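Please treat every number below as a calculation from the coordinates, not as lab data. Note that this is a predicted model, so its numbers are computed, not measured. Backbone-built Cβ (ideal geometry, glycine too); neighbour counts: all protein chains shown.
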Amino acid sequence: MPNQVPTPGQQAARRLLAAVQGGRFPHACFVACPDSAYGEALCRQAAALWCVGQPAPDRLLTWPDYTELGEAAIPVDQIRELTAALQKRPFMAGKRCVYIRNAHAMSEIVQNALLKTLEEPPADVLFLLSGNENGLLPTIRSRCVRFLYPGPTLGEIQARLEESGAPKKDAALYAAWGGTWSRAKRLFDQPDYRSLRQEAQSLLKALLSGGLPLDRLGEISKEGEEAAMFMLSLLRDILDYKQGLPPAENPEQEQEIARLAGRLDNRQITALIQLLAEGLERLASHASTQASFTSLFTQIAEEIA
């Protein structure tokens, strides 16, 4: 039986782990991955390889020189305490690692507190960050080497969903709707998340049909970034349809996508995608969800008027 060709994600993961193992790794690295779960898993493998010499994240659970932050909001005092602790000798005679998940969620004050440590890192300390890099200060980004990790293919996501119990047809839809394992798994597991997708796209359809549904923004305010991602997927499908391609991300809505494509020209759709991408950047940088969507919807309404 011929060897299976590794996916781009598998190839990228191997390159990163080989660099860690070979000592050819920077002191700070931002792992950019569209799928947070896969990015986090790779960071933990790299951390374990750095600290204990094996890509076995379970070993980190009892490793005193490994610190993971980002499950909850990070207060500035925690960063200051961490900085002080890193100036002391490690507990074990080896290397230390700090992994910050959801790095984009750090406030500007917290990021500035972290900056000095990234500028003058202690010896044998590896910093790993993951999340949405648009939420990071330019000074933080400039101190980290960016590693692009593409994550799983849609086929891999669908297969994992089927292994988790999703019927084949549903698994294919959730993979297409989500685009990443994290979102696809949430769509499978959480009815509220499926409702968020439906409501976000319903708002966009109303907007593209000539309405301005600002009174409904509260329904998507709790997860503004996720709502914007679902809107963006619909716009990409509309643009693809205009170019003669079938809708890949929302295949069950082809008739509605065709209707909306008939109302807009390519220039308008491209401009709307750019507006929404800029809105996503504002949301990632801790801007008010209500204010961001109000501004975004007003701009879209003006663009298609």
Computed magnitude of the charge dipole of the chain (debye, nearest 20; Cβ of K, R +1, Cβ of D, E -1): 880 debye
Backbone N under 19 Å from the Glu302 label point (7 Å along Cα→Cβ), restricted to segment 197-233: 207-215
Total formal charge among the other residues, if their Cβ is under 12 angstrom from that of Arg44, Lys/Arg +1 and Asp/Glu -1: -1
Separation of alpha-carbon centers, segment 222-266 and segment 51-113, rounded to whole Å: 41 Å
Förster radius 22 Å - calculated FRET efficiency between Arg267 and Ser295 (Cβ-Cβ, nearest 0.05): 0.55
Positive minus negative residues near Val31 (Lys, Arg vs Asp, Glu; Cβ under 9 Å): 0
Extension reserve of the Glu163-Ala287 stretch, reckoned as 0.36 nm per residue once the Cα distance is removed: 40.8 nm
The chain: angle of helix 266-284 to the longest principal axis, Cα-based, in degrees nearest 10: 40 degrees
Gain in span if fully extended, Gln21 to Lys88, counting 0.36 nm per residue against the direct Cα distance: 21.7 nm
Linear extension gain, Thr153 paired with Glu254, 0.36 nm per residue minus alpha-carbon span: 34.1 nm
Directionally averaged shadow of segment 208-299, computed from the convex hull of its alpha-carbon atoms, nm²: 5.7 nm²
Nearest 10 degrees, 0 to 90: helix 36-52 Cα axis against the chain principal axis: 10 degrees
Degrees separating the helix 289-304 axis from the principal Cα axis of the chain, which is the longest one: 40 degrees
Reachable lysines, given that their alpha-carbon falls under 23 Å from the alpha-carbon of Lys95 and they are not under 8 places away in the same chain: Lys116
Peptides ranked, highest mean first, by Cβ atoms within 10 Å: ranges 295-303, 212-220: 295-303, 212-220
